[in-house]
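Take a look at the structure below.
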Amino acid sequence: MLESSLLAQLIAFRKDRDWEQFHTPKDVAISLSIEAAELLEWFQWRNHDEVEAMLESDKREHLEDEIADVAVYLSYLCHDLGIDLNQAVKKKMEKNAAKYPPDKVKGRADKYNEYS
């Protein structure tokens, strides 16, 4: 969901460094997973109040960096596989709407195959 000009900058950044050779879909997906795990570390072992305090501190920038890393790798993956992220999200939302009708799931955290 990056702006097209920002995606173009990402692609140029990678091309200028000749990193496409390392960015196979498998390796980009692995990197995406690693960066998502690093994002989780930011929250690990912290309660709501501690997270709120960190959001107001200089540690917020670290969170923003981790989120950006996830977005960068996801953007590379979508670009390289020819996936329009906006369209993929729209299709997924349609599927989720069918799986989770509000009259059956409102206020519940059950998975779609666990409610009746």
Could you tell me what percent of the accessible area of the chain is made up of carbon and sulfur, with a 1.4 Å probe and every protein chain present?
56
Please list, short to long, the whole-number percent of alpha-carbon pairs of region 1-57 in consecutive 10 angstrom bins beginning at zero.
19, 30, 28, 21, 2
Computed [θ] at 222 nm, deg cm²/dmol, the chain (DSSP H ≥ 4; -39,500 (n - 2.57); rounded to nearest 500)
-22500 deg cm²/dmol
Given the pairs Lys26/Lys90; Lys59/Lys104; Lys26/Lys91; Lys26/Lys95; Lys26/Lys92; Lys26/Lys111, which span a C-alpha to C-alpha distance of over 31 angstrom in this model?
Lys59/Lys104
Spin-label pair Glu20/Phe43, simplified geometry with 7 Å Cα→Cβ offset, distance in nm:
3.6
In the chain, helical segments from DSSP H whose Cα atoms cover 24 Å or more along their own axis and that average at least -0.5 on the Kyte-Doolittle scale are 25-43, 60-81
SASA check, Glu3, accessible area w/ 1.4 Å probe, all protein chains in place, rounded to nearest 10 Å², comes out at 130
What accessible surface, in Å², does a 1.4 Å probe find on Arg46, ignoring ligands, DNA and RNA and rounding to the nearest 10?
90
When every protein chain stays in place and a 1.4 Å probe is rolled, Asp65, Asp16 sorted by accessible area with the largest first are Asp16, Asp65
Calculated FRET value between Met93 and Asp58, using beta carbons and R₀ = 41 Å, to 0.05:
0.70
For a quick check of understanding: with a 1.4 angstrom probe and all protein chains in place, what accessible area in square angstrom does Lys59 have, to the nearest ten?
110
Could you pull the Rg and Dmax for the chain, using just the Cα atoms, both in Å?
18.1, 54
Average accessible area per residue (Å²) across the chain - probe 1.4 Å, nucleic acids and ligands excluded
77
Relative contact order for the chain: what is it in percent, counting Cα pairs under 8 Å that are at least 6 residues apart?
33
When the solvent-accessible surface of protein heavy atoms is calculated with a 1.4 angstrom probe, in what order do Ser75, Ser5 fall, highest first?
Ser5, Ser75
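The values are calculated or read from the model by the stated rules, or taken from the named source; none is laboratory data. Bear in mind that the values here come from a model prediction, so they are computed numbers and not experimental data. Note that we place each Cβ from the backbone using ideal geometry, even for glycine, and neighbour counts take in every protein chain shown. Note: accessible area is taken over every heavy atom of the protein model, side chains too, but ligands, DNA and RNA are not part of it. Shrake-Rupley method; radii C 1.70, N 1.55, O 1.52, S 1.80 Å.
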